[in-house]
1. How many residues, within segment 365-375, are surrounded by 15 or more Cβ atoms within 10 Å (Cβ to Cβ) and either touching a His at 6+ places or on another chain (Cβ under 7 Å) or aliphatic (A, V, I, L, M) (or both)?
2. Quick one: in segment 507-518, of everything that is surrounded by 22 or more Cβ atoms within 10 Å (Cβ to Cβ) and at pLDDT 85 or above, which residue is farthest from V557 (Cα to Cα)?
3. Restricting to segment 347-364, count the residues that are touching a strand residue (DSSP E or B) at 6+ places or on another chain (Cβ under 9 Å) and either open to solvent by less than 10 Å² (accessible area, probe 1.4 Å) or not acidic (D, E) (or both).
4. Considering each of S433, S423 in turn, give the residue that is surrounded by fewer than 16 Cβ atoms within 10 Å (Cβ to Cβ), at pLDDT 95 or above and part of a strand (DSSP E or B).
5. Would you please name the residue that is farthest from the chain's Cα centre (by Cα), looking only at residues in segment 547-584 that are open to solvent by less than 10 Å² (accessible area, probe 1.4 Å) and among the polar types (S, T, N, Q)?
6. Output the residues belonging to segment 658-672 that are over 12 Å from E703 (Cβ atoms) and surrounded by 11 or more Cβ atoms within 10 Å (Cβ to Cβ).
7. Give segment 722-732 a look and list any residue that's open to solvent by 90 Å² or more (accessible area, probe 1.4 Å) and over 33 Å from the mean Cα position of the chain (by Cα), or say none.
8. Which of the numbered conditions does L162 fail, given that it passes all the others? Conditions: (1) under 25 Å from the mean Cα position of the chain (by Cα); (2) open to solvent by 40 Å² or more (accessible area, probe 1.4 Å).
Amino acid sequence: MKTSSVVYPCPVIKLTRKTNSPLVSEPVYDKPASLNIKKIISFFLFSVVLFLNGFTQTHLCSEYEADQRAEQKNPDAVKAKAELETFTEQFIQNPQKSEVTYIIPVVFHVLHFYGSENISKAQILDAVRILNNDYKKLNADTVNIIPEFQGIAANVHIEFRLAQIDPYGNCTDGIVRTVTNETYNANDDSKLLSPAWPRNKYLNVWTAANLESGAAGYSFYPSSVAGSWGVNIDGVMILATYVGSIETGSPGTSRALTHEVGHYLNLPHTWGNSNQPGLASNCSIDDGVSDTPNTIGHTSCNLYANTCGQLDNVQNYMEYSYCSNMYTEGQKARMRAALNSSVSGRNNLWTASNLIATGTNDGYIAQICIPFPDFSYNKSFGCDNLTVQYSNQTWNVDTGYTLQWSFPGGSPSVSNDTNPMVSYSAPGIYSASLTVSNISGTNQITKTQIIEVQNASLGEGIPWAEGFENQTFPVNSSDTILNWLVNGYSNSLWERTESAFYSGLASAMVNNDLNTSGQLSNLISPNIVLGSDPGKFLTFRVSYAQKDVNSDDRLVVYVSYNCGQTWYLRYNKSGSTLSTNGGNYTSSWYPDTSQWRKESFSISMFLSHPNLRFKFETRSGGGNKIYLDDINIDLLTGVEKLPLSVSNNLNIYPNPVNNESVLVFDLNKSSEVELSLANILGQKLAFYKKDFLSGPHDLPINEIVKSEISSGIYFLSVAIDGKHETLKLIKE
């Protein structure tokens, strides 16, 4: 029996790309492309990009630009492209082609942050079932193939099986789970967090909550990733919601993986090399397959469309029609050629020796694997008598294991429950452990300093200011209750610096020069105990400059009135809006005192509570350092004359708007809020009126704008207690 232990460090963790450790996180994609002309130009880098844009869903491929990028970066691509195309032509012309079923071992790398993107094994098995039905022509909807294409609808004779043995000879169920906040903004670099298994032995599939490109999924041609350049990124990356037809998946999107594996096996879109379907110019290009008619490409299901002089194969898996149910015989030949070519090792996947090595051969009896323990918890912060719900997230095993929890300082201190509830009565910082055992072995995971309980009556007093002059910051050497907390998952976290400041000799800084896109860093204040006459506004100084027009570093500020258990967003700026140097671009940012801006927002909505806590969160957007200085709680006069955006924290986040956008506002008292949306011509498009109670509010934009609006600029007029302000709303 084997025993091992994993110890999770405290929340101050820097995420690097040199490890595949399952780190616990807080909650410039180049779209691959193809370049094709039938039997003349061979195929290269490709991506299917199903854009989730604003309120609607569309499809997009950016082929030419990505193709150029790949040719520049991969020295083996051009030669491999020609080699694979020549091999494919010879393979297709060979009358002795085998009809043997090729079995491909598969591993799913689930990138998640304990949300719904941590898809279940049942959902993954459902996705494999759909793949096998589609590639073996066992899908029930083949009866819907129109008669004109029934005769060439192909059984590709390919079967996919989850690996049962990993590259090191260990037992696996073919699923690897890696905890990372990059699931919300995944790209090729994110694959390194769950490193690819050898591509000549496994088909690697990475799943994530969101892709940096806005895509639903993408894959590469074998030639695009030939040689060492592509070893670590070869495979499919896809949204978790596009995997399978159950749970977070859906029948309507479940064929996306079928489509992506088609690219992995050297198939382009049916409309060939263009940046998007639906263009008339697509008729002059081809997909390199003899029996798929030239087409402009489709994003809807017009079964009898004829766009280029003959009936289109709208039901093809390599279309965007969402009624796909077939491959053609020509596509079958092309995919099977890819599996017989040595380019990127596809020809080794289905060999008898590899099936034995991966535990996917006929007759293999699956072993009971050693479990990999993991757990999540619903709260990290809180005041006295905090109750935390723990959730078992053990993987690599289905049933037949036992749990042993340990909660030092909690009640209960030990438990065998699957999802125990634990109470913490005294202030402190607490850790937790989970030990999981079965007949094959035991594993333990320990996460240290994950729960912080504060005494609500203790903390900084009013008046309060923080200028980062203490050289031991974020630690207060005289009183640990006054410590600031720095956490997040990025290469550079908040730190004290003397390289720039607005006043005094120091400020706080996050160096986004060192951070990759999407990485987060949090700076969290201690409790601020409010006196009888506290200030009504939080003010602070910020300094930032963009590196270029694409720099989109973000600063977000939250308020909590329950020691950090719940956070309310009250400030959100990024890119040019955050910039404090007049919009000039600079590669290295060290501001002088004229390049700082004073920001403020009202905290009057929270003053009925005895204490407040503030969180300054940065999200890297490929850019520059962000500096913070002179944080204060201030009394401001003339509040009644201030615009709603200041006095009531009125704003839209994010903007340009999407399905997650909200209108944020605070109310000192119960009030009627009236909203009116107009276009640039002044035409009224939506009207909303409702009574709200006092306090902070986040009103979804979709609740205001109930019908679809096209791309453009709109104006949202807001009236609260006789005061009016108009916000610009952007729809891309």
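1. Number of matching residues: 2.
2. My answer is N515.
3. Final tally of qualifying residues: 11.
4. Going through S433, S423 in turn, the sole match is S423.
5. Per the criteria, the residue is S560.
6. N658, V664, F665, D666, L667, N668, S671, E672
7. Passing the criteria: only H724.
8. (2)
The values are calculated or read from the model by the stated rules, or taken from the named source; none is laboratory data. Treat the numbers as computed from the prediction; the structure is a model and nothing was measured. Please note: Cβ atoms are built from the backbone with ideal geometry, for glycine as well, and neighbour counts cover all protein chains shown. Just so you know, the surface numbers come from the protein's heavy atoms only, side chains and all, with ligands and any DNA or RNA stripped out. Shrake-Rupley method; radii C 1.70, N 1.55, O 1.52, S 1.80 Å.
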